[in-house]
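In what follows, a structure is listed as C-alpha cells, so that the remarks can point back to it.
We did not get these values from a lab; they are worked out from the coordinates using the rules stated. All values reported here derive from a predicted model rather than from experimental measurement. Here Cβ is always computed from backbone atoms with ideal geometry, including for glycine, and neighbour counts include all displayed protein chains.
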Amino acid sequence: MNYSATMSFKYPNKNYYCQNTYESLVWNEPERKPTDEELQSYWEEIKYEYFKGTMRHERNMLLMSSDFTVVSDYPDRDKWLVYRQKLRDFPSIWTLGMEFPQPPT
C-alpha cells in the first residue's frame, strides 16, 4: 500500500502530512481522519491508475532511449521498430505485474 499516493489521489485539497505509513498521517482538517481500513480500500480502487502512470513514464523513457535505433541504416532496424511498436501498444494491454517487452538482442 502506498499511503502517500492514496492520500494525494483521494484528498488532493486537504491539509495533511503523510510519510508512507498510517501512523505517520497527521490530519489537519476539522472532519474525521480517514481510517486505515478506508485508505486500504481506496488504494485497491486506485492502484491500477497509480501504477499505470508510473508504467507510462517508464515506457516513455524506454522509447526515448531507443530513438536512435530507427535511423534508416541502423543494424536490425526492423526488429527495433517491432519492439518500439510493442512499447506503444503496451498501455492498452497492461495489467498489474506485467513486464515490459524486451529489446532485441
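Just a few scattered comments:
- Across region 25-41, computed HN-Hα scalar couplings (Karplus, 6.51 cos²θ - 1.76 cosθ + 1.60, θ = phi - 60°) run 6, 9, 9, 10, 10, x, 6, 4, 5, x, 7, 4, 4, 5, 5, 4, 5 Hz from first to last residue, x flagging Gly and Pro.
- Taking the charge dipole of region 3-93 about its Cα centre, with +1 at Lys and Arg Cβ atoms and -1 at Asp and Glu Cβ atoms, the residue from Val70, Thr35, Phe51 reaching farthest to the positive side is Val70.
- Crossing angle, helix 77-93 versus the chain [Cα axis fit, 0-90 degrees, rounded to tens]: 30
- Across the chain, the mean sequence separation of Cα contacts (distance under 8 Å, 6 or more residues apart), normalised by length, yields a relative contact order of 20 percent.
- In a reduced charge model with +1 at each Lys and Arg Cβ and -1 at each Asp and Glu Cβ, the chain shows a dipole moment near 300 debye about its Cα centre.
- The H on the amide N of Tyr16, modeled in the peptide plane, is under 5 Å from the matching H of Asn28, each at least 5 residues off or on a different chain.
- In terms of the mean number of neighbouring beta-carbon atoms within 10 Å, the peptides 68-80, 36-48 order highest first as 36-48, 68-80.
- Stretch gain in nm, segment Thr21-Thr35, where the contour uses 0.36 nm per residue and the Cα spacing is subtracted: 3.8 nm
- Straight Cα distances below 18 angstrom link Lys79 to the aspartates and glutamates Asp67, Asp89, with same-chain residues fewer than 8 positions distant left out.
- For region 58-70, 3J(HN,Hα) computed residue by residue from phi via the Karplus equation (6.51, -1.76, 1.60; θ = phi - 60°) reads 4, 4, 4, 5, 5, 5, 4, 6, 10, 4, 5, 7, 9 Hz, glycine and proline entered as x.
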